[in-house]
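Enquirer: Before I ask anything, here is the structure I am working with.
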């Protein structure tokens, strides 16, 4: 029959249309049980964005936000460690690998020199990233041998003036190690473990050398 | 790993056919044949007619600046499968004129224009040799090694002033608007009248009506039954919602019927290849994401293959499986989007797209979890991958490919396939015949919808595709409807591959050797090609042993598929142009590069 294909197709549309309301009702009755409804509810959002999703899948941004996977990358940031006395120490040694690997060449690093001897010391005086040029590829974080530069999860970076705000300096880029641990717990744990193992190996070697 | 350049018997026959004329390319790391420019046409004709290499994949030039030579490289294949044939011809750089192969392989049309535009190789006998990606107010041929842009920093990356001095500056402060372009001598952009449009319009077929129709209102439709029509030129685009980006189609119409059509592109051109030749090998990986931004995993795959061939390494077993999984998920993402947008072009505004994007979203979540980015994945590395699958991702993929996606693809099938409007708009419209599809170098779904069972995954398997059980989807009519159906078929075949891959994936390493940011790539050439969702994507890479590639060329399927656009549209109505373009499935990031 001519037109049957269209009617059958419209049946699919109708099913999609109803699915949203059925899902709404499910969460509505759930709400009486105290779980908070289809929207503005982390549990419902996870279902709505997962492989079991039914009906409309929009997110009510900015009230609702997607949960970011750990590997999500946006702009790079620099990590500093804080010791017991509260002293901050940059992990960056200004070796320049990130600046060399950066595809659009958006990283500028100024190496520190010892004021007395004039010899370079492993600390950056300044560290700039032109975020207009950065292509968010994550190669800097991937090849940093000191886990000093990592990719951030913060994506809400709109500013009023790109001319004066979009070259990030070291102060703007730096974040404590605890922040890194909070956004990438698995990666951080793995790297901490590797570093601890390296330290232990180094100590064992030193002890062996001392004994000999 | 594929072995394109193994000395197969047919290639030897090329030497026998032209004793003393055709010589083997003996440069270390190179393969194929060197052909004198005078006998190029004869050799190409013999390759096609006597040796059966009917499908021309890629034409490009290489500027050997130190030797003062310009080389043009041709890659031809058989549509029945198997390794290809590479032949090259060398001409002096200052006066580089090469006969056009247009009469033998009409598919060279846009590729030769591109080589003229970017490298300044003049193809004698080409019917319409104009610039294609650049505009007429552009000085020089940018891929020539001695060409430098207005603000030239350094020959190759990494730039020396980034470290350790690192005095930051903004490039636009050094290069204000007005000084950031160089024009040819005597060219004033303010006074320029685009003569090229006249040339463009003149290049269109014009039906000579002898002044009988449309010239005066009395004569038009004078018999009272038919309406007299006039031949007019209409520009669709550059800004038009149906062109999927900034893209222009110049259509010559007789009434509503299309007489001829020419695509105009280059509005998004950024000279990807020049950027690539400045970059180190690894730096190009995230740039390939930006070619066909729907299929960044597939682009990564092609580039990784090309460089791995040069380096002579292979990824470990687990990485091979993950690569296949990602490439096939990409195919599903792309085809879902294509079907959705094709329906948009047919007038079913956004409901099919939303359904398709709902599923695409779930796959993009997988990409985000493994690579960190939904579309600009940058996930492949030479000899492996950037990182292993995070915990739980394989289960999600398994859920998707075994449970959800098969049902959703069936749903789309039920939703659209028998829709009478889709059938009426699609069946018998925009036809590209089998022979013309091969001749015009159409690739991917466009080629297979015309009845050619040519799929690089089968014709010349790469990665570990030879281990999977799947069929090459083929449809025979070559119309819009078949190009829609073939995408459904391909998604189903992709699901089959995915189900096998998810079932069989082994544990283990994901990187051969240590991950390095400065890879050592031995001198030589290689052509890595993959069956990307839009067609055959090829990367032609030449290394001189330095950290940067000497030549980096992309055989872009969207770009080359457009060669057949005029053929598909002639004789149909102007409203079908939009649907035909939608069925070819282009992405302007790849067309314009």
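Computed from the coordinates by the stated procedures, all read-outs in this text should not be read as laboratory data. The structure displayed is predicted, hence computed values, not measured ones. A quick note on method: Cβ atoms are made from the backbone with ideal geometry, for glycine too, and the neighbour counts reach across all protein chains shown.
Enquirer: Translational D (Stokes-Einstein, µm²/s) of segment B:355-419 at 20 °C and 1.002 mPa s when Rh comes from the Kirkwood sum over C-alpha pairs?
Expert: Details: Rh = 13.3 Å.
For the chosen part, D equals 161 µm²/s.
Enquirer: Test of understanding: express the Cα radius of gyration of segment A:1-67 as a ratio to 2.2 N^0.38 Å, with N the residue count. Don't jump to the answer; show the numbers that get you there.
Expert: Working: Rg = 15.0 Å, N = 67, 2.2 N^0.38 = 10.9 Å.
Against the compact-globule rule of thumb, the ratio is 1.38.
Enquirer: Taking the beta-carbon count within 10 Å as an exposure proxy, list B:420, B:26 from fewest neighbours to most. Don't jump to the answer; show the numbers that get you there.
Expert: Numbers: B:420 15, B:26 8.
The fewest-first ordering by Cβ neighbours comes to B:26, B:420.
Enquirer: Calculate, for residue A:14 and residue A:60, the FRET efficiency according to 1/(1 + (r/R0)^6) with r their C-beta to C-beta distance and R0 22 Å; round to the nearest 0.05.
Expert: Details: r = 25 Å, r/R0 = 1.12.
My answer for the efficiency is 0.35.
Enquirer: Take the alpha carbon atoms of segment B:428-450, find their center, do the same for segment B:391-419, and report the distance between the two centers in whole angstrom.
Expert: Measuring centre to centre over Cα atoms gives 28 Å.
Enquirer: For the protein assembly as shown, divide the Cα radius of gyration by the Kirkwood radius and give the resulting Rg/Rh value with two decimals. List each step's numbers first, then the result.
Expert: Numbers: Rg = 28.6 Å, Rh = 29.0 Å.
Over the Cα atoms of the protein assembly as shown, Rg/Rh equals 0.99.
Enquirer: Among B:34, B:118, rank each residue by its count of other Cβ atoms within 10 Å, from fewest to most, as a rough exposure measure.
Expert: On the way: B:34 17, B:118 27.
Ascending Cβ contact count within 10 Å gives the list B:34, B:118.
Enquirer: Next question. Residue separation times 0.36 nm, minus the C-alpha to C-alpha distance between residue B:575 and residue B:185: what's the value? Walk me through the numbers before you get to the answer.
Expert: Details: separation 390, 0.36 × 390 = 140.40 nm, distance 4.23 nm.
That pair, residue B:575 and residue B:185, stretches by 136.2 nm at full extension.
Enquirer: When the gyration tensor of segment B:456-593 is built from Cα positions, what are the square roots of 5 times its three eigenvalues, in whole Å, from largest to smallest? The partial results should precede the final answer.
Expert: Values: eigenvalues 224, 116, 26 Å².
Three semi-axes, in Å: 33, 24, 11.
Enquirer: Restricting the calculation to Cα positions, tell me the Rg (one decimal) and the Dmax (whole number) of chain B in Å.
Expert: 24.4, 83
Enquirer: If the viscosity is 0.692 mPa s and the temperature 37 °C, what Stokes-Einstein diffusion coefficient in µm²/s follows for segment B:272-592 when Rh is the Kirkwood radius over Cα pairs? All intermediate terms of the calculation are to be shown ahead of the outcome.
Expert: Values: Rh = 19.8 Å.
Once the numbers are plugged in, D ends up at 165 µm²/s.
Enquirer: Next up: In terms of the ratio Rg/(2.2 N^0.38 Å) built on C-alpha atoms, what value belongs to segment B:6-155? Kindly include the intermediate steps, with their values, before the conclusion.
Expert: On the way: Rg = 16.1 Å, N = 150, 2.2 N^0.38 = 14.8 Å.
Dividing the Cα radius of gyration by 2.2 N^0.38 Å gives 1.09.
Enquirer: How far, in degrees from 0 to 90, does helix A:185-211 lean away from the longest principal axis of the Cα atoms of chain A, to the nearest 10?
Expert: Approximately 20 degrees, to the nearest 10.
Enquirer: R0 = 56 Å: FRET efficiency of residue A:25 with residue B:177, Cβ-based, nearest 0.05?
Expert: Details: r = 57 Å, r/R0 = 1.03.
So, using R0 = 56 Å, E works out to roughly 0.45.
Enquirer: Distance from the Cα centre of segment B:311-390 to that of segment B:516-574, in angstrom?
Expert: When both Cα centres are located, 19 Å separates them.
Enquirer: Working only with C-alpha atoms, what are the Rg and Dmax values of segment B:144-193, expressed in angstrom?
Expert: That works out to 14.9, 48 Å for Rg and Dmax.
Enquirer: Arrange the following residues from fewest to most other Cβ atoms within 10 Å of their Cβ: B:123, A:29.
Expert: Details: B:123 23, A:29 11.
Least to most surrounded, the residues fall as A:29, B:123.
Enquirer: Let me ask something else about it. How long are the three semi-axes of the equivalent ellipsoid of segment A:76-208, in whole Å, if each is the root of 5 times an eigenvalue of the C-alpha gyration tensor, listed from largest down?
Expert: Values: eigenvalues 146, 76, 42 Å².
After diagonalising the Cα gyration tensor, the semi-axes are 27, 19, 15 Å.
Enquirer: Still on this model: Starting from the Kirkwood Rh over alpha-carbon pairs, what translational D in µm² s⁻¹ does segment B:436-477 have by Stokes-Einstein at 4 °C and 1.567 mPa s?
Expert: Numbers: Rh = 10.8 Å.
Stokes-Einstein gives a translational diffusion coefficient of 120 µm²/s.
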